[in-house]
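Input: a single structure, listed below in C-alpha cells.
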Amino acid sequence: MLMKKAINIFLLIATLALGSGIFLYYSFKGNKQEKKAITVQKTTSFYRRINNLSDFKEIQGSPLSGKFKDVWSVKLVYDTETDVLYYVHSQKFRYHYNFCAEILHYNEPLEVFNILNYGKNFGRRFYLASLNYYGQSKNYTLEFVSDDIINAEQITTLYKEVINTSYLTDSLKVLVSSDYLARLDQNSQLTLPRIYPSAIYSGQQYQLLQRGLTYGILRFSDNLKEDYSAINPGDILITKGTPSVVPVCAGIITDVFQTPLSHISVLCHNRKIPSAASLTIWNRKDLQKLNGLPVSLKVSEDSLQILAATYAELGNFRKNIPEPKRIALKGNPEAKNILRINDFGFRQRNEIGNKAAGLGELNKVAAKRSSKFVIPEGAFAIPFWFYKEHLQQPEINTLLMSIVATDSKDIKVLQEQLKKLRKLIKEAPLNPALLQQIKTIIVSNNVGNSYRFRSSSNAEDRDGFSGAGLYESKTGILNDTSKTIEKAIKAVWASAWNDEAFLERRAGNIDQRTVLMGVLAHRNFPDELSNGVAVTKNLYRKDFPGMTVNVQIGEVEVVAPPDGVVCEQFVCIPVSVTKFFSNDIAVDYLTYSSLTKGKRVLSMAQITLLYESLDKIKMHYFNNIEVGNKPEEYNDFGLDIEFKFDKNNKLYIKQVRPYY
C-alpha cells in the first residue's frame with residue numbers, strides 16, 4: 001500500500017512538471033484563438049443538435065453513477081475555443097476525456113485534463129456536464145460532477161447553449177446535488193431553473209435492492225410482524241413500509257424506498273433473495289388476483305416482473321436450489337475475565353464476539369494522535385464464558401437442547417418454545433461475582449451510571465451473516481430498581497434466541513448449538529445531534545472512490561425509520577483527482593432529511609471530520625485485519641460503520657463491521 005502511494009505521488013509530480021507549461025498556457029490564454037466553423041450536425045460520435053426525444057434516445061447511455069434509476073444520460077462537451085456544444089454519443093464514449101481526446105484531438109494526459117477542466121474555473125477549455133432524462137418523473141436536468149467547480153457564469157453559458165440547440169425550451173433544470181452548487185444557490189449566484197435531489201428521489205417509482213430470479217407463493221401482507229407465524233420460507237412477500245421484522249422468505253417487495261443500510265436491504269443482500277421497492281405495487285390488481293398462488297419474481301436494474309407460474313415449475317425450481325453448507329460457528333467459551341477496552345481487539349473475537357472485537361479495533365485507531373473521533377467511553381466486554389455458564393443451569397439447558405434437536409417446522413410451536421426459553425434465561429439468577437465486577441468497573445470508569453449493553457455474538461457481523469436487527473441492546477443503570485444491570489445483561493443473552501434470529505440462522509444452515517453471545521457495554525448516549533451509518537465505499541459507482549453516508553437528526557433511526565421519514569443521504573468524494581495534493585472532499589447528495597425543512601443534517605465541517613475518520617478506520621482494517629473476501633483494490637473495500645455526533649459536536653464511532 002505504501003509503495004503504491006509512493007508511485008502515485010511520483011507520477012503526480014512528474015505529470016505536474018511535464019504539464020506545468022500546458023497548465024499555465026490554458027489557464028491564461030482565454031478564448032483568443034480564431035473560432036472554427038463546425039458545419040456537420042450529426043456524426044456517429046456526436047450530434048450538434050437534438051431536435052426531439054428520438055434524437056436523445058439515439059445517443060443516450062447509462063449515467064456513471066447509479067444513485068437514481070430509469071435515467072437516460074447524454075454527455076455534453078462545450079468547447080470554448082469554438083463556442084461549439086457537442087451532444088456526445090454516450091454509449092460510444094463513457095467518459096468526457098475519451099471524446100475530447102479522440103474527436104477534438106486534445107493531446108494532454110488525463111491528470112492534466114481533470115485539473116484544467118474540473119479543478120478550476122478560469123481559462124478552462126471545456127465545460128463538461130450531462131443532460132439527463134428521468135423517465136419516471138419526466139424531468140430533464142443539467143448535471144455536473146460533485147467536484148467540478150465550474151462557476152455560475154459558465155453554467156449559464158452551457159445552459160443557454162443547450163436551450164438554443166435542443167427541443168428543451170422551458171423544461172430543463174440544473175440539478176443542485178453537490179455542496180458546491182448548493183453554496184452558489186444559497187448565495188443567489190445560480191439564477192437558472194433548479195431542481196433538488198429530494199425531488200428527483202421522490203419522483204422515482206422503483207428501487208432495486210437485490211437482483212435475482214425466484215419462484216414462490218405470492219403473499220400480500222401489510223404487517224409482517226402480525227403475520228410472521230403464517231409466512232413460509234418459500235413465500236414471495238409484498239409488504240408496506242420499512243418492516244422492523246423481515247421473515248425468512250423467497251423474495252420481498254415493499255412500497256417504500258429503502259436506504260442501502262436499512263435492515264431489509266442488508267438482510268436481502270445477505271440472503272441473496274430478489275427484492276425491490278415499488279411505490280405502486282399495492283395498486284396492481286393483476287397481482288392481487290395471484291395472492292396465494294405460485295409465481296415467478298424477476299428483479300432487474302430498472303424493473304420487476306411477477307408472473308403466474310405452475311406448482312410444477314415451483315417444484316422444479318426448488319429442487320435445484322443448493323442447500324447452504326453447514327456452518328459451525330467458532331467460539332472460545334473458556335476465557336473468564338471481563339476485558340476493558342484497551343485489552344481487546346479483533347484477535348479476541350472468538351472470546352467476546354464480533355461487535356466487541358470491532359470496537360476494540362476502533363479504539364486502536366481513535367488512540368492515534370492524528371485521529372479526531374472517539375469511541376463510547378467506559379467500554380468493556382463480557383466474554384462468552386458467562387453466557388455459557390448461565391445457560392448451563394439445568395432447566396435452561398434441557399429446554400435449549402430440546403429446541404435445537406427438534407427444530408420444529410411448526411412456527412407457532414417453535415415460537416412458544418423460544419418464548420419459554422427467553423423467559424427462563426431472564427428469570428434465572430445472574431452470577432453474583434459477575435454482577436459485582438461490572439458494578440466495580442462502572443464506578444471506576446466514572447463516566448456516569450447509565451450504560452448500554454449490546455449483543456456481541458459469533459452469529460453476527462460475519463461473512464455471509466450480518467445479523468442486522470436480530471439481537472437486542474438494553475440500557476442498565478447502576479443503583480436503579482427498574483432498569484437494572486442484571487436485567488439488561490440477561491435480556492441481551494436471551495435475544496440470542498429471538499424468533500427471527502433462530503429462523504435466520506436456520507435459513508443460513510448455522511449449527512444452533514454453536515451460537516455464543518457476548519456482551520459489549522459502554523456509557524449511554526442521552527443526547528445526540530445526529531446519528532448515522534456509513535459504508536466506506538462508493539455504492540453508486542464501482543470504479544470511483546467515495547464514502548456513502550446515511551444520517552438523521554437526533555435519535556431518529558436510519559436503518560428502520562418511522563413511516564414516511566427520509567434521512568439525509570450523500571456520497572463524500574475526494575477531490576484529489578481534480579486538484580493536486582488536496583485533502584478536500586466534495587459532497588454528492590441523493591436526498592435531504594424530511595425532518596429538517598431543507599437544512600442539512602451535517603455541516604461541511606462535520607462531513608469532513610467524518611470522512612477523515614472513516615478513511616483512517618478503513619486504512620487500518622485494509623492493512624491490518626484479515627476479513628473474508630477482502631478485495632484487492634482499496635476503493636472497493638467496504639466497512640459498515642455506525643456513528644453519532646453528540647450535543648457537544650463530538651464525533652463518536654460506535655460500531656464497525658465488514659460490508660460484504
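The values are calculated or read from the model by the stated rules, or taken from the named source; none is laboratory data. Remember, it's a predicted structure, so these values are computed and weren't measured experimentally. In this analysis, Cβ positions are derived from the backbone assuming ideal geometry, glycine residues included, and neighbour counts consider all displayed protein chains. Side chains included, ligands, DNA and RNA excluded: accessible areas come from the protein's heavy atoms. Shrake-Rupley method; radii C 1.70, N 1.55, O 1.52, S 1.80 Å.
A few comments on the model shown:
- Theoretical ellipticity at 222 nm over the chain - DSSP helices of four or more residues, -39500 (n - 2.57) apiece, nearest 500: -9500 deg cm²/dmol
- A 1.4 Å probe, protein heavy atoms only, puts the accessible area of Ile338 near 30 Å².
- Computed as a quarter of the hull surface, the mean projected area of the alpha carbon convex hull for segment 58-131 stands at 5.3 nm².
- Averaging 1/r across all pairs of distinct Cα atoms in the chain and inverting the result yields a Kirkwood radius of 27.5 Å.
- For segment 70-75, Karplus couplings with θ = phi - 60° (6.51, -1.76, 1.60), whole Hz, Gly/Pro x: 6, 10, 9, 10, 10, 6
- Shape descriptor for segment 78-188: Rg over Rh equals 0.95 (Cα atoms; Rh from the Kirkwood inverse mean 1/r).
- Mean projection area, nm², convex hull over Cα of segment 442-495: 4.4 nm²
- Counting only Cβ charges, +1 for Lys and Arg and -1 for Asp and Glu, the dipole size of segment 47-95 around its Cα centre is about 280 debye.
- Per-bin percent of Cα-Cα distances, segment 207-315 [10 Å]: 16, 54, 28, 2
- Over the chain, relative contact order from alpha-carbon pairs under 8 Å, at least 6 apart, %: 12 percent
- The simple Förster model, with R0 at 60 Å and r as the Cβ-Cβ distance, assigns Arg369 and Ser188 a FRET efficiency of 0.90.
- The mean accessible area for residues of the chain, using a 1.4 Å probe and ignoring ligands and nucleic acids, is 44 Å² per residue.
- Dipole magnitude of the chain about its Cα centre (Cβ charges: Lys, Arg +1; Asp, Glu -1), debye to nearest 20: 500 debye
- Distance between the C-alpha centres of segment 556-578 and segment 79-97: 32 Å, rounded to the whole angstrom.
- Among Tyr228, Pro247, Phe344 - extreme Cα towards positive end, dipole of segment 225-372, charges at beta-carbon: Phe344
- Extent of segment 552-660 along its three principal axes (Cα atoms, max minus min coordinate, largest first): 41, 34, 27 Å.
- Ratio of the Cα radius of gyration of segment 366-417 to 2.2 N^0.38 Å, where N counts its residues: 2.03
- Remark on Ala586: its backbone amide H falls under 5 Å from those of Ile573, Val575, a criterion applied only to residues 5 or more positions apart or on other chains, H modelled at 1.01 Å from N.
- For segment 176-244, the alpha-carbon radius of gyration amounts to 1.86 times the rule-of-thumb value 2.2 N^0.38 Å expected for a compact globular protein.
- Fraction of beta bridges assigned by DSSP in the chain that are antiparallel (%, nearest 5): 80 percent
- Residues whose amide H comes within less than 5 Å of that of Leu293, counting only those at least five positions distant or on another chain, are Leu218 (H built at 1.01 Å from N in the peptide plane).
- Other-chain or far-sequence residues with amide H under 5 Å of Gln655's (modelled H): Glu642
- If you wrap the Cα atoms of segment 287-417 in a convex hull and average its projected area over all directions, you get 15.1 nm².
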